Each structure stands twice: as C-alpha cells, then as structure tokens.
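Trainee: This is the structure I have questions about; it appears just below.
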Amino acid sequence: HLCPLKENCKAYTSGNPAQFGKKNMKEPKPKRWGLAFWIRRRDGKILFQKRPNDGLLGGMTDLPGSSWNTDNNALQELKRNPKITNWSIIPGEIHHTFSHFHLNIRVAVINPPPEPLLEKCFWHCPASAHELALPALTKKIISHVIQFEKLTQKIVFSRRLISRATVY
C-alpha cells in the first residue's frame, strides 16, 4: 500500500491488481490445408507460376498448387482431376503461419507435366531458385522436397551398395 498513485490506479481500485499487465488471450488462428505441386520436366527444371496481383502473396512467384481450404480436401480434388493421373505425395507437411491463419501444405509430385500448362507459368532450375523472389512459404516447400529427394537418393544408393556386397 505504499504506492503514491493508488487512488488513480485502475489495478488497485479493481481489488485484483495481479490481473493487470497480462496479455489478453488471442483467438486461435484458423487452420487451412492445401497442396503444392512439384512438377519436374525431364531436364530437371521445376514449374513455377506468377500469382495473380490481388490476394495473399499477390504478384509473387510460387509453385502451382491447390486452393487453401478449411476442410482439408485438396487431396480429394487432386484425385478427381482427370488431367493429372500420375502423382504421388511426399511424406510430411510444411507448416506456415500467416497473420490471420495457419497453413499446412503437402507436396504432390506430378509426372509428367500436365498439358496444357497453367497460365503465367515458367520452368526454372530448383538449384538456382534463390535467383527468384520467392515467398518464405515457397522456400520452405522447395527445401522440404530437396531434403526428401536427398534422403531417397541415399536410401537407393545404400540399397545398391548392399545388393552389390551380398555374397551368393
């Protein structure tokens, strides 16, 4: 009771000063799900697209993909698309947080590229993707795919070594 400002203090006059200074609990951010498409040509280049100027990530270079929905049905949309028949899902998810929602992305590897290509698309080497102005989400997706490919190559190489070392 030594505070000289206690008569004008809302915390003191409330009778519960310990509750003051605490942050209000924020509403939990909603979650959305989607797919990124990893479409590789025979020369190793990956398909990128320029996003529309309006909306989230407007005008930026990105990987093609599904819409981001709250109902986690992007995989079902891919299964129903008659133009895309040869695809597989890379294990794991990429998690990214925007100011107003959390996004969980899975990566669908599509071979061969669907024809015709999407609008505003171009091919670029993934090893030099750093030359492109990419959003953080796209960088995370590329890193996820490259890590998966490195792991897969190590497993294949190890299996080859083991099969060569097997004595009959």
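Trainee: Which loop-located trypsin sites (Lys or Arg not before Pro) does the stretch 67-97 contain, where loop means any DSSP state but H, G, I, E or B and the Cβ has at most 10 other Cβ atoms within 10 Å?
Mentor: Numbers: sites: 79, 80, 83; in loops: 83.
Those satisfying the criteria are 83.
Trainee: In addition: Seen from all sides and averaged, what is the projected area of the convex hull of the Cα atoms in the stretch 1-102, in nm²?
Mentor: Working: hull surface 49.9 nm².
Mean projected area for the stretch 1-102: 12.5 nm², to one decimal.
Trainee: Under a cut-off of 20 Å between alpha-carbon atoms, report the aspartates and glutamates in cross-link reach of residue 31, not counting same-chain residues fewer than 8 places apart.
Mentor: Residue 31 reaches 71, 77, 93.
Trainee: Would you mind counting up the charge near residue 88? Only other residues with Cβ under 14 Å from its Cβ, with Lys and Arg at +1 and Asp and Glu at -1. All intermediate terms of the calculation are to be shown ahead of the outcome.
Mentor: Numbers: positive: 40, 79, 106; negative: 149.
Around residue 88, the charge tally is +2.
Trainee: What accessible area per residue, rounded to a whole number of Å², is obtained for the chain using a probe radius of 1.4 Å?
Mentor: Working: 11990 Å² over 168 residues.
In whole numbers, the chain has 71 Å² accessible per residue.
Trainee: Taking all protein chains as present, what is the carbon and sulfur share of the accessible area of the chain, in % to the nearest whole number, probe 1.4 Å? Mind showing how you got there, number by number?
Mentor: On the way: 6660 of 11990 Å².
Percent of accessible area from carbon and sulfur atoms in the chain: 56.
Trainee: Can you list residues whose amide H is under 5 Å from residue 60's amide H, if they're 5+ apart or on another chain and H is modeled 1.01 Å from N?
Mentor: Here 51 satisfy the definition.
Trainee: Continuing with this model, one more query. Would you mind counting up the charge near residue 103? Only other residues with Cβ under 15 Å from its Cβ, with Lys and Arg at +1 and Asp and Glu at -1.
Mentor: Working: positive: 29, 31, 32, 51, 106, 139, 140; negative: 62, 71, 93.
Residues near residue 103 contribute +4 overall.
Trainee: Continuing with this model, one more query. Can you check what the net charge comes to around residue 33, using other residues whose Cβ is under 14 Å from the Cβ of residue 33 (Lys, Arg +1; Asp, Glu -1)?
Mentor: Values: positive: 29, 31, 32, 106; negative: 71, 77, 93.
Result for the neighbourhood of residue 33: +1.
Trainee: Which number do you get for Rg(Cα) / (2.2 N^0.38 Å) in the stretch 9-62? List each step's numbers first, then the result.
Mentor: Numbers: Rg = 24.3 Å, N = 54, 2.2 N^0.38 = 10.0 Å.
Taking N as the residue count of the stretch 9-62, the ratio is 2.42.
Trainee: Just reorder 38, 68 by solvent-accessible area, largest first, 1.4 Å probe, all chains present.
Mentor: Details: 38 5, 68 50 Å².
Per-residue accessible area, sorted high to low, gives 68, 38.
Trainee: Okay, moving on. May I ask for the longest run of the chain untouched by GluC sites (Glu not before Pro) that are loop-located per DSSP and have at most 14 neighbouring C-beta atoms (other than their own) within 10 Å? Walk me through the numbers before you get to the answer.
Mentor: Details: sites that count: 93, 119.
Longest site-free region, per DSSP loop and neighbour criteria: 1-92.
Trainee: What number, in percent, do you get for the relative contact order of the stretch 1-159 if the mean sequence gap of Cα pairs under 8 Å and at least 6 apart is divided by its residue count? Don't skip to the answer; put the middle values down first.
Mentor: Numbers: 219 pairs, mean separation 42.0, N = 159.
So the answer I get is 26 percent.
Trainee: Report, in degrees rounded to the nearest 10, the 0 to 90 angle that the Cα long axis of helix 136-165 makes with the longest principal axis of the chain.
Mentor: For 136-165 against the chain, the angle is about 40 degrees.
The values are calculated or read from the model by the stated rules, or taken from the named source; none is laboratory data. Here the structure is a predicted model, which means the values were calculated and not measured. So basically every Cβ, Gly included, is an ideal-geometry build from the backbone, and we count neighbours across all protein chains shown. Areas reflect the complete protein model, heavy atoms only, side chains present, ligands, DNA and RNA absent. Shrake-Rupley method; radii C 1.70, N 1.55, O 1.52, S 1.80 Å.
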